[in-house]
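The values are calculated or read from the model by the stated rules, or taken from the named source; none is laboratory data. Bear in mind that the values here come from a model prediction, so they are computed numbers and not experimental data. Counting neighbours? That spans all protein chains shown, and the Cβs are built from the backbone with ideal geometry, glycine included.
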Amino acid sequence: MRSSGLLLHVTSLPTRFGIGDLGPEAWRFVDTLAEAGQTWWQLLPVCPVGLGDSPYASPASFAGNPLLISPELMVQDGWSTEAEISTNYPHPDGSVDYPSVSNYKSALLRQAFARFVKQPKTDEFTSFIHQEKDWLLPYAAFQARKVQYRNRIWTTWSADDRKPPRPDTIEAGSSEIQFYLFEQFVFDCQWRRLHAHCKEKGIRIMGDLPIYVAHDSVDVWAHPDLFELDEAGEPLVVAGVPPDFFSKTGQRWGNPIYRWKAMEADGFDWWVRRMKRALCLCDSVRLDHFRGFAGYWEIPATEETAVHGRWVPGPRQPFFDQLTEKLGALPILAEDLGVITPDVIKLMQANAFPGMAVLQFGFDAGMDNLHLPHNYAPNQCVYTGTHDNNTLLGWWSALTEYEHNFAKDYLGIQSDNEVCRKAVERCLSSAADMVILPVQDILELGSEARMNFPGTPHGNWRWSLLPKQHIQLREAADGWLRHITIQSGRLGTQN
């Protein structure tokens with residue numbers, strides 16, 4: 001089925017609490033998608049953020065981000081009062097101030113927890129703990145220890161506390177552990193209601209599953225045997241990508257590498273559970289750095305750059321065979337951007353996973369560039385740009401003279417104010433089954449609205465819609481965006 005959707009992370013929704021959340025604005029955005037005839041809402045990872053406020057450096061890959069919890073829904077559910085949520089909240093200015101938001105949400109959740117502990121535990125809460133205990137209890141224990149050790153990395157904890165926990169030995173009655181169980185329960189309740197609203201409106205959620213996890217995470221602390229670590233718990237090798245045209249030293253991400261043989265020995269159980277959790281939250285997932293499952297760049301942890309790494313075979317088809325056997329057909333979008341080798345293409349084709357193309361990458365060579373719309377294939381998802389790219393207007397202003405002339409002629413652009421609509425129209429009219437458009441490009445915003453600058457550790461993930469821009473988006477949804485969605489044969493099934 002031909003379809004389309006918008007890319008907007010939850011944090012970028014406009015609220016009066018300094019960060020987007022799962023409350024009324026998210027529900028209104030779903031309505032906007034439906035009004036525009038869209039099928040998909042693509043998100044970035046919804047797990048807790050880590051270093052640099054990045055959702056791709058999470059301390060807990062199974063958990064929900066507590067910063068996304070809606071204060072307004074907490075009032076509706078009786079966990080907070082209107083007076084409590086209106087006290088000292090950070091004022092929005094089009095940019096998320098993570099420290100302020102974190103302090104506000106943490107204080108609010110602590111107040112709600114104080115109210116929660118005075119009430120009898122509901123069957124819904126008990127059922128949630130039982131159903132999710134395999135990841136939830138270690139998460140709560142990890143977070144409690146983080147508080148105890150003033151947020152120090154887990155490898156600096158006492159010998160007993162560094163030991164991986166067993167869920168059946170975690171003292172779930174501990175007040176601090178109970179707080180983190182409550183926090184995730186609130187997130188889960190709010191998420192399930194939003195997801196149900198999406199289904200009612202014919203909107204499907206595409207999540208994002210990073211291939212790697214952070215070293216200072218519950219995932220590594222609770223499963224050290226699944227990662228290439230030394231006896232002290234420090235990484236022996238780390239992830240990254242080799243030197244290329246864009247970087248002479250490559251990229252050293254620093255994530256610990258999986259012990260794929262150990263994972264294969266137990267049927268990739270950790271990954272099966274991780275994928276199952278992701279598909280409980282979302283209808284489909286973008287599998288980040290897909291090429292790493294065919295072969296990945298392994299860097300000695302002692303190296304400061306990615307130059308002296310090496311290619312190592314990934315888990316390949318046995319990995320996806322196990323996931324399919326345990327979970328059924330996998331609704332995966334393979335992130336296959338960058339230098340892709342035949343073994344990666346073979347792995348995608350063997351599993352019929354659609355790949356990606358990005359319009360912005362299409363104008364630095366000739367007409368055979370696979371990122372140009374006339375070369376798009378049906379089993380493909382195309383973007384004007386991703387969260388790692390500039391906005392269309394920002395991209396347009398930075399083109400070389402050759403690229404500018406090529407793009408202007410190819411897209412039929414007569415003036416600068418046509419750039420975004422011409423690009424969107426060309427993508428939607430292509431042969432690709434799926435098209436995802438960043439909200440910034442629908443609103444014709446410049447570089448100030450960029451979400452991430454790869455390779456820069458700070459200052460990313462902060463962009464947020466202003467309330468008036470959400471109104472403008474609704475106007476576009478009910479006007480030109482819906483019109484070209486219909487014209488391109490991508491109108492959502494319930495629209």
**Request:** Within the range 457-480, track down each residue that is more than 18 Å from the chain's Cα centre (by Cα), over 16 Å from Asp93 (Cβ atoms) and part of a loop (DSSP other than H, G, I, E, B).
**Result:** Asp478, Gly479
**Prompt:** Hey, does the range 48-65 have a residue that's modelled with pLDDT of 95 or more and over 28 Å from Trp253 (Cβ atoms)?
**Reply:** no
**Item:** Criterion: in contact with a helix residue (DSSP H, G or I) (Cβ under 9 Å, 6 or more places away or on another chain), under 15 Å from Phe62 (Cβ atoms) and basic (Lys, Arg) - qualifying residue of Arg259, Arg291, Arg273
**Value:** Arg273
**Request:** Show the residue pairs that are 6+ apart or on different chains and have beta-carbon atoms under 7 Å apart, the first residue being within the range 106-125 and touching a residue at least 12 places away in the same chain (Cβ under 8 Å) and more than 13 Å from Phe185 (Cβ to Cβ), the second being of a type in the set (Asp, Glu) and assigned to a helix (DSSP H, G or I).
**Result:** Leu108/Glu84; Gln111/Glu84
**Complete:** Of the residues in the range 334-363, those that are loosely packed, with under 15 Cβ neighbours inside 10 Å and outside any helix (DSSP H, G or I) number 4
**Item:** Tally of residues being under 21 Å from Lys199 (Cα atoms), part of a loop (DSSP other than H, G, I, E, B) and not hydroxyl-bearing (Ser, Thr, Tyr) across the range 1-60
**Value:** 16
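Residue check: is Gly240 in a strand (DSSP E or B) and surrounded by fewer than 19 Cβ atoms within 10 Å (Cβ to Cβ)?
Numbers: in a strand (DSSP E or B): yes; surrounded by fewer than 19 Cβ atoms within 10 Å (Cβ to Cβ): no.
Considered against the rule, which asks whether it is in a strand (DSSP E or B) and surrounded by fewer than 19 Cβ atoms within 10 Å (Cβ to Cβ), Gly240 comes out as no.
May I ask you to list the residues in the range 59-77 that are touching a Gly at 6+ places or on another chain (Cβ under 7 Å) and buried (at least 24 other Cβ atoms within 10 Å of the Cβ)? Step through it out loud before you land on a result.
Going residue by residue through the range 59-77, those that are touching a Gly at 6+ places or on another chain (Cβ under 7 Å) are 59, 70, 72-73.
Of everything in the range 59-77, those that are touching a Gly at 6+ places or on another chain (Cβ under 7 Å) and buried (at least 24 other Cβ atoms within 10 Å of the Cβ) turn out to be Pro59, Ser70.
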**Request:** Output the residues belonging to the range 383-411 that are among the β-branched types (Val, Ile, Thr) and touching a His at 6+ places or on another chain (Cβ under 8 Å).
**Result:** none
**Fill in**
Subset of the range 387-405, residues in a loop (DSSP other than H, G, I, E, B) and farther than 21 Å from Asn460 by Cα, comes to Leu399, Thr400
**Item:** Among the residues listed as Asp216, Asp225, Asp208, the single one being touching a residue at least 24 places away in the same chain (Cβ under 8 Å), charged (D, E, K, R) and in contact with a strand residue (DSSP E or B) (Cβ under 7 Å, 6 or more places away or on another chain)
**Value:** Asp208
